[in-house]
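What follows is one structure encoded as structure tokens, with my remarks underneath.
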Amino acid sequence: MREFGFRGTNFVNTNAIGLTNLMNWAQITELELEYGWETGGHTLNHEALNQLDLEVAIANIKQDKQNLYDHGLNPRSFALPRGQCPIQLYDMLTGLYQNIRGSSDFAMHHPLNRKALGYLAYQSGWSSDIVKRRIQRGILNQEALIIIGFHRFDTDSDEYADSCPSPTFREILQYTKDLGLKVLPLAEAVSQ
């Protein structure tokens, strides 16, 4: 993304940092502190919040954010794991984070509801055309924000349904650049 002049948001599960094939703390802090990315909260272990005891879910969210702070990061956005959030957690989450991203793709117009943002998650096997069509739809509908998420790159495994080949990702980046669109960390994008 740096080659194209783009920055983004990296949502991390802090208990998974440094595991095999995942970024380590040095890489994550480098993205934010040296390259201007945003690091967002995403819970400790990516467990669906609606399947945890309320006290466990609260502790999970708060510890995840503290882990990010303890490494000198500034988490302003949170991505709901699997898009689930029990109503009892919502006020606490919106008190901790400026932006809350769910897991459903929908049109977002001004004024943006920063506490209920949608996104399109890239899925394994998709061509770049699927993402390009989503971008085209957003432009035609004069959407204020389009969020597209990528979880993994070049992972050949039946275990993951969300791996994007590097050439496909590159096509998407080139297409976005050719259209003259901005690609920004979420916290910056919603404040514009």
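The values are calculated or read from the model by the stated rules, or taken from the named source; none is laboratory data. Bear in mind that the values here come from a model prediction, so they are computed numbers and not experimental data. All Cβ positions, even for glycine, are placed from backbone atoms using ideal geometry, and neighbour counts span all protein chains on display. Protein only, heavy atoms only, side chains kept; ligands, DNA and RNA dropped before computing areas. Shrake-Rupley method; radii C 1.70, N 1.55, O 1.52, S 1.80 Å.
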Can you list the residues, at least 5 places off or on another chain, whose amide H is less than 5 Å from the amide H of I148, using H built in the peptide plane? L120
Enumerate the aspartates and glutamates that K62 could reach by cross-link, defined here as Cα to Cα under 15 Å, with residues fewer than 8 away along the same chain left out. E47, D53, D70, D91
Magnitude of the Cβ-charge dipole of the stretch 40-119, K/R +1 and D/E -1, about the Cα centre, nearest 20 debye? 300 debye
Quick one: check the C-alpha center-to-center distance for the stretch 1-41 versus the stretch 124-146, whole angstrom. 24 Å
Based on the mean of other beta carbon atoms within 10 Å per residue, what is the order of 40-50, 18-28, most packed first? 40-50, 18-28
Solvent-accessible surface ranking, highest first, for S128, S191, S166 at 1.4 angstrom: S191, S166, S128
Picking from P81, P165, P111, which is most flexible by a Gaussian network model of the chain using Cα springs under 10 Å? P111
Can you give the FRET efficiency for I130 and R82, using 1/(1 + (r/R0)^6), R0 = 25 Å, r = Cβ-Cβ distance, to the nearest 0.05? 0.75
Please compute the modelled spin-label separation between Q63 and Y175, points set 7 Å along Cα→Cβ, answer in nm with one decimal. 4.1 nm
Given a Förster distance of 25 Å, the FRET efficiency implied by the Cβ-Cβ spacing of N45 and A121, rounded to the nearest 0.05, works out to 0.85
